[in-house]
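Student: Okay, here's the structure, questions in a sec.
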Amino acid sequence: MKENIKPDTIKDLLNSHLKNDNFKTLEPIQLEDHTYTDLFKGITGGNETFAVKLRQKTESIKNSIKYLNALNDSEDFIFKYKNLIETENYYIFISEWLEGCQPIKTDRHLIKDFFKKLAHLNLNNTSSSSFSSMYLDGKSYPSIEEMINAEAIPYLEIYMGKHDKKIIKKNIENLNLGLGCIILEDMNTGNMLKTEKGRLKIIDAEHITSGLNLYQFEHINILGLNKKEWYNITDEAKEVLNAYFSEIGESKNKAFLQIKAVAVLSFLRELYFQVWQKQKIDYSEKDRIFDIILNCGIEEIL
């Protein structure tokens, strides 16, 4: 969200669109050290509890709603909203309030099971055209190759390090080995929940689109090169990646090439963002990290 709106303002906006059983309280949700400004626990006058999510009206969110409604989700893995309210500037999602545990500080052994289910979801929702990503400002492309090029070419243009751009590009091209399908680009642990009944649920489908399955690994700390955070996947990275590609039915060699390509692209994404912010770039340090990525072996990733 680009702006913070007071809960009472959201409650009034919400209640103005409801015919009965209005919300009497709406409290921001806290997770670890983060307080969400767009996610709330709401209690109605009838003492029913719901999760309420506010999203600005964008083409990306509009497309996410479209793909969510068309999803083949026989295992009911993605938690669906009960009500959707559309206002002039916002979408307001109202969902049943779920109790359960999340693989944040504890229960992190569950993360691999979420990615197994994700693999099944991807296989049941393959795509053959119109590919996009949250990194492409809502633009769609007719093929995976064109989508990858649209993102990667600007990254290569700004790279000023020691590595041969032809070698970098060759590594990135291995992304084309991936699967075109409906994807969830925000697979962080805060979006994973095991309910009291033992069901695994993804509770946020904001970044759902027709894209490349490998773009779902942004929160996996491949090679452990990034800071360890509760919402990312570091210690469990190998077992999670092995579990996912095993369910997909991919060989270890091909899986390795794809994961390495993801690591290369993620490195360049971060670099591009830093250049865009006009940060001073220490290319000796950047290339030290890039050396590790470009020269890694299969045993270091899988």
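Each reported figure results from applying straightforward, stated rules to the coordinates on display, with no laboratory input. None of these values were measured; they are calculated from a predicted model. Cβ placement follows ideal geometry from the backbone for every residue including glycine, while neighbour counts extend to all protein chains displayed.
Student: Once P(r) over Cα pairs in 20 Å bins from 0, in percent is worked out from the coordinates, which option in [x] 31, 57, 12, 0; [y] 28, 59, 13, 0; [z] 37, 59, 4 does it equal?
Tutor: Calculated P(r) over Cα pairs in 20 Å bins from 0, in percent: the matching label is [x].
Student: Here's something else I'd like to know. Project the alpha carbons of the range 198-302 onto their principal axes and report the range along each, largest first, in whole Å.
Tutor: 47, 33, 27 Å, listed from the longest principal axis down.
Student: Between Lys169 and Thr25, how high is the FRET efficiency from 1/(1 + (r/R0)^6) when r is the Cβ-Cβ distance and R₀ = 45 Å? Nearest 0.05.
Tutor: The value I calculate is 0.25.
Student: Before anything else, pin down the relative contact order of the chain: Cα pairs under 8 Å, at least 6 apart, normalised by residue count, whole percent.
Tutor: 17 percent.
Student: Would you mind checking the pairs Lys116/Lys165; Lys57/Lys105; Lys82/Lys194 and listing those with alpha carbons more than 29 angstrom apart?
Tutor: Lys116/Lys165; Lys57/Lys105
Student: Now for a separate question. For every other residue with a beta carbon closer than 14 angstrom to the beta carbon of Thr25, add +1 if it is Lys or Arg and -1 if Asp or Glu, then tell me the sum.
Tutor: Combined, the nearby Lys, Arg, Asp and Glu give -1.
Student: Which of the listed residues, Ile222, Ser127, Asn171, is farthest toward the dipole's positive end in the range 101-301, when Lys, Arg count +1 and Asp, Glu count -1 at the beta-carbon?
Tutor: Ile222
Student: So what is the calculated 222 nm ellipticity per residue for the chain, using -39500 (n - 2.57) for each DSSP H run with n of 4 or more, over all residues, to the nearest 500 deg cm²/dmol?
Tutor: Dividing the helical sum by the residues of the chain leaves -11500 deg cm²/dmol.
Student: Same structure again: Work through the residues other than Glu300 whose Cβ is under 10 Å from its Cβ and net out their charges, Lys, Arg +1 and Asp, Glu -1.
Tutor: Cβ neighbours under 10 Å give a net charge of +1.
Student: Let me ask something else about it. About the Cα centre of the chain, what is the dipole size in debye to 20, counting +1 per Lys and Arg Cβ and -1 per Asp and Glu Cβ, all else neutral?
Tutor: 220 debye
Student: Antiparallel as a % of all DSSP beta bridges within the chain, to the nearest 5?
Tutor: Among the beta bridges of the chain, antiparallel pairing accounts for roughly 95 percent.
Student: So which lysines pass the test for Lys278, namely a Cα distance under 18 Å, with those fewer than 8 places away in the same chain ruled out?
Tutor: Excluding near neighbours in sequence, the set is Lys286.
Student: Counting Lys and Arg as +1 and Asp and Glu as -1, what is the net charge of the other residues whose Cβ lies under 14 Å from the Cβ of Glu247?
Tutor: 0
Student: What order do you get for Met134, Met187 when you list them from fewest to most C-beta neighbours inside 10 Å?
Tutor: Ranking Met134, Met187 by Cβ neighbours within 10 Å, fewest first, gives Met134, Met187.
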